[in-house]
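Here the structure is laid out as structure tokens; the discussion comes afterwards.
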Amino acid sequence: PSVQSFLRSTVNILLLVMLALAVFGKLGIELTGFAALLASAGVAIGMALSGNLQNFAGGLIILIFRPYKVGDYIDSDTGASGTVKEIQIFHTVLQTPDNKIVYAPNGNMSNSIVTNYNQQETRRVDLCFSMEYGEDFERVEQVLKDIIAADQRILSTPEPIIRLGEMAASSVDITVRVWVNSADYWAVHYDMKKAVYTTFTQQGISIPYPQMVVHQA
């Protein structure tokens with residue numbers, strides 16, 4: 001699909017140029033008289049089209065080295081992010097999660113740092129959950145293990161990680177890292193938060209909130 005969209009836009013432009021030449025020929029317009037004019041204007045035209053030529057070369061680089069393809073969700077340091085819908089002759093067309101269309105110049109995309117979220121089959125979901133001081137960490141750890149084991153989308157290899165991450169000012173923070181298929185990343189990310197909140201409430205595990213103890217003299 002990436003090559004098809006690129007070739008389709010390229011062939012479209014070439015056919016338009018051929019159509020114009022054919023029409024001029026049918027009308028009996030002599031094109032040789034324009035040769036000198038075109039030659040003298042070549043430098044100016046080249047300068048005017050330098051940006052488009054850079055975008056064209058960038059499109060070829062993207063197709064050859066494949067940092068992304070149609071269907072991938074990408075994020076670049078140009079500020080463009082979304083799902084790749086087309087790779088055209090001059091632009092990469094992206095669709096954002098809120099259904100906006102972004103046209104990113106291929107020259108900029110080929111020279112920028114691009115993060116591809118779909119190139120790997122699996123991704124790690126990093127989560128942080130908090131408990132109050134005084135809670136039994138071993139009990140909370142077992143509850144988290146049960147929640148992870150109940151979700152069939154979470155992979156057993158690499159093994160999920162549950163660690164006491166930080167002893168913060170108002171809470172004890174627990175780091176949870178699990179591996180999932182890339183397509184399940186966001187579903188697991190949100191479902192885990194919901195499952196932990198519900199289970200902690202049912203199990204009577206206190207979820208802390210920022211607080212300050214003030215002693216009055």
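A quick yes/no check of all residues on (1) of a type outside the set (S, T, N, Q); (2) over 32 Å from the mean Cα position of the chain (by Cα):
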{"position": "112", "(1), (2)": "no, no"}
{"position": "118", "(1), (2)": "no, no"}
{"position": "127", "(1), (2)": "yes, no"}
{"position": "169", "(1), (2)": "yes, yes"}
{"position": "180", "(1), (2)": "yes, no"}
{"position": "187", "(1), (2)": "yes, no"}
{"position": "190", "(1), (2)": "yes, no"}
{"position": "198", "(1), (2)": "no, no"}
{"position": "208", "(1), (2)": "yes, yes"}
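Mind listing just one residue for me: the one in region 60-96 that is among the β-branched types (Val, Ile, Thr) and surrounded by fewer than 19 Cβ atoms within 10 Å (Cβ to Cβ) and, of those, farthest from residue 119 (Cα to Cα)?
The selected residue is 78.
Taking only region 122-135 into account, find how many residues are modelled with pLDDT under 95 and open to solvent by 50 Å² or more (accessible area, probe 1.4 Å).
Within region 122-135, residues that are modelled with pLDDT under 95 and open to solvent by 50 Å² or more (accessible area, probe 1.4 Å) number 3.
Quick test of your reading of the structure: residue 148 fulfils all but one of (1) crowded, with 16+ Cβ neighbours inside 10 Å; (2) closer than 25 Å to residue 54 by Cβ; (3) of a type outside the set (Phe, Trp, Tyr). Name the failing condition by number.
Evaluating residue 148 over (1) crowded, with 16+ Cβ neighbours inside 10 Å; (2) closer than 25 Å to residue 54 by Cβ; (3) of a type outside the set (Phe, Trp, Tyr) leaves (2) as the failure.
Checking residue 119 against (1) of a type outside the set (Val, Ile, Thr); (2) open to solvent by 80 Å² or more (accessible area, probe 1.4 Å); (3) assigned to a helix (DSSP H, G or I), which single condition isn't satisfied?
Condition not satisfied by residue 119: (3).
Looking at (1) part of a strand (DSSP E or B); (2) modelled with pLDDT of 95 or more; (3) surrounded by 12 or more Cβ atoms within 10 Å (Cβ to Cβ), which is the only condition residue 189 fails?
Unmet for residue 189, out of (1) part of a strand (DSSP E or B); (2) modelled with pLDDT of 95 or more; (3) surrounded by 12 or more Cβ atoms within 10 Å (Cβ to Cβ): (1).
Criterion first (outside any strand (DSSP E or B) and modelled with pLDDT under 95) does residue 142 satisfy it?
No: the conditions fail for residue 142.
Determine whether residue 95 is within 13 Å of the chain's Cα centre (by Cα) and at pLDDT below 95.
No: the conditions fail for residue 95.
Whether any residue in region 99-111 is outside any strand (DSSP E or B), open to solvent by 30 Å² or more (accessible area, probe 1.4 Å) and in contact with a Phe, Trp or Tyr (Cβ under 8 Å, 6 or more places away or on another chain) is what I want to check.
No, the conditions are met nowhere in region 99-111.
Within the set of pairs 6 or more residues apart or between chains, which connect a residue that is touching a residue at least 12 places away in the same chain (Cβ under 8 Å) inside region 58-75 to a residue that is surrounded by fewer than 18 Cβ atoms within 10 Å (Cβ to Cβ) and among the basic types (Lys, Arg) with Cβ atoms less than 7 Å apart?
Matching pairs, first to second residue: 70/85.
For region 164-182, does any single residue satisfy the condition of being open to solvent by 90 Å² or more (accessible area, probe 1.4 Å) and part of a helix (DSSP H, G or I)?
Scanning region 164-182 turns up no residue that is open to solvent by 90 Å² or more (accessible area, probe 1.4 Å) and part of a helix (DSSP H, G or I).
The values are calculated or read from the model by the stated rules, or taken from the named source; none is laboratory data. Note that the structure is predicted; figures quoted are calculated from it, not measured. Positions of Cβ are backbone-derived with ideal geometry, glycine not excepted, and every protein chain shown enters the neighbour counts. Just the protein is used for accessible areas: all its heavy atoms, side chains included, with ligands, DNA and RNA removed. Shrake-Rupley method; radii C 1.70, N 1.55, O 1.52, S 1.80 Å.
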